[in-house]
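K.L.:
Got a structure for you, questions after.
The values are calculated or read from the model by the stated rules, or taken from the named source; none is laboratory data. This structure is a prediction, so every number in the text was calculated from the model and none was measured. Neighbour counts are summed over all protein chains in view; Cβ atoms, including those assigned to glycine, are modelled from backbone coordinates with ideal geometry.
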């Protein structure tokens with residue numbers, strides 16, 4: 001079933017907060033210290049935080065729909081809004097999250113193809129992202145789509161400093 005991608009608007013901020021919290025909690029709550037995780041969730045998905053991210057002109061959030069059901073979201077950044085590399089030749093896929101009940105049925109492949117097309121349309125020749133080194137399922141998915149590890153950067157969940165791999169693919 002084909003997915004539909006819709007840019008998020010400020011009027012949809014509450015919906016963005018809900019899907020961001022739901023998908024992040026489903027993906028990582030069981031793998032983190034509860035206090036650190038709660039602290040991170042409160043800060044990262046606060047209304048002022050996500051509103052500021054939504055208003056950044058070099059970033060775009062997209063809702064992902066299967067028919068009329070919201071199944072996930074993603075966020076793309078161009079320089080200078082990128083979180084690490086700030087490479088004008090690349091697009092950063094900062095967030096890609098799908099609700100668990102919609103995973104494992106090819107949606108990830110469809111989403112990745114769509115993001116690569118968006119990057120090409122923006123004149124980019126590379127796509128990069130950060131992924132937690134302990135998220136082996138995601139790393140395997142990205143490797144299947146041609147991504148290679150090019151570096152690392154720390155990522156804080158509360159007071160827990162974790163390591164993200166920086167992965168990139170040439171388009």
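K.L.:
I'm told residue 90 meets every condition in (1) modelled with pLDDT of 95 or more; (2) out of contact with any strand residue (DSSP E or B) (no Cβ under 6 Å at 6 or more places or on another chain); (3) over 25 Å from residue 25 (Cβ atoms) except one. Can you identify the failing condition by its number?
P.N.:
The number of the failed condition is (2).
K.L.:
Which members of segment 117-147 meet the condition of being under 17 Å from the mean Cα position of the chain (by Cα) and closer than 14 Å to residue 92 by Cα?
P.N.:
Answer for segment 117-147, where residues must be under 17 Å from the mean Cα position of the chain (by Cα) and closer than 14 Å to residue 92 by Cα: 117, 118, 119, 126, 127, 128, 129, 130, 131, 142, 147.
K.L.:
Still on this model: I need the full set of residues from segment 44-60 which are in a helix (DSSP H, G or I) and surrounded by fewer than 17 Cβ atoms within 10 Å (Cβ to Cβ), in order please.
P.N.:
Scanning segment 44-60 gives 44, 47, 48, 49, 51, 52, 55.
K.L.:
Looking at (1) touching a helix residue (DSSP H, G or I) at 6+ places or on another chain (Cβ under 9 Å); (2) free of Cβ contacts under 8 Å to residues at least 40 places away in the same chain, can you tell me which one residue 162 breaks?
P.N.:
(1)
K.L.:
Note down all Cβ pairs under 6 Å where the first residue falls in segment 19-38 and is on the phi > 0 side of the Ramachandran plot, the second is surrounded by fewer than 17 Cβ atoms within 10 Å (Cβ to Cβ), and they're at least six residues apart or on different chains.
P.N.:
Nothing qualifies.
K.L.:
Spot the failing condition for residue 26; the list is (1) closer than 24 Å to residue 84 by Cα; (2) part of a helix (DSSP H, G or I); (3) touching a helix residue (DSSP H, G or I) at 6+ places or on another chain (Cβ under 8 Å), and only one is missed.
P.N.:
(1)
K.L.:
I'm checking my understanding of the structure. Among residues of segment 108-129 that are touching a residue at least 40 places away in the same chain (Cβ under 8 Å) and not in a helix (DSSP H, G or I), which one is farthest from residue 13 (Cα to Cα)?
P.N.:
125
K.L.:
Something else now. What number of residues within segment 80-102 satisfy the criterion of being touching a residue at least 12 places away in the same chain (Cβ under 8 Å), exposed (fewer than 15 other Cβ atoms within 10 Å of the Cβ) and in a loop (DSSP other than H, G, I, E, B)?
P.N.:
Matching residues across segment 80-102 total 2.
K.L.:
Now a separate question. Inside segment 133-159, can you point out the residues that are part of a strand (DSSP E or B), touching a strand residue (DSSP E or B) at 6+ places or on another chain (Cβ under 8 Å) and either loosely packed, with under 14 Cβ neighbours inside 10 Å or touching a residue at least 40 places away in the same chain (Cβ under 8 Å) (or both)?
P.N.:
148, 150, 151, 152, 153, 154, 156 - these are the residues of segment 133-159 that are part of a strand (DSSP E or B), touching a strand residue (DSSP E or B) at 6+ places or on another chain (Cβ under 8 Å) and either loosely packed, with under 14 Cβ neighbours inside 10 Å or touching a residue at least 40 places away in the same chain (Cβ under 8 Å) (or both).
K.L.:
Check residue 105 against each of (1) free of Cβ contacts under 8 Å to residues at least 12 places away in the same chain; (2) over 21 Å from residue 4 (Cβ atoms) and name the one condition it does not meet.
P.N.:
Of (1) free of Cβ contacts under 8 Å to residues at least 12 places away in the same chain; (2) over 21 Å from residue 4 (Cβ atoms), only one is false for residue 105: (2).
K.L.:
Sticking with this structure for a sec: Which condition does residue 121 not pass, out of (1) over 19 Å from residue 27 (Cα atoms); (2) touching a strand residue (DSSP E or B) at 6+ places or on another chain (Cβ under 7 Å); (3) surrounded by fewer than 16 Cβ atoms within 10 Å (Cβ to Cβ), if it passes all the others?
P.N.:
Going through (1) over 19 Å from residue 27 (Cα atoms); (2) touching a strand residue (DSSP E or B) at 6+ places or on another chain (Cβ under 7 Å); (3) surrounded by fewer than 16 Cβ atoms within 10 Å (Cβ to Cβ) one by one, residue 121 breaks only (2).
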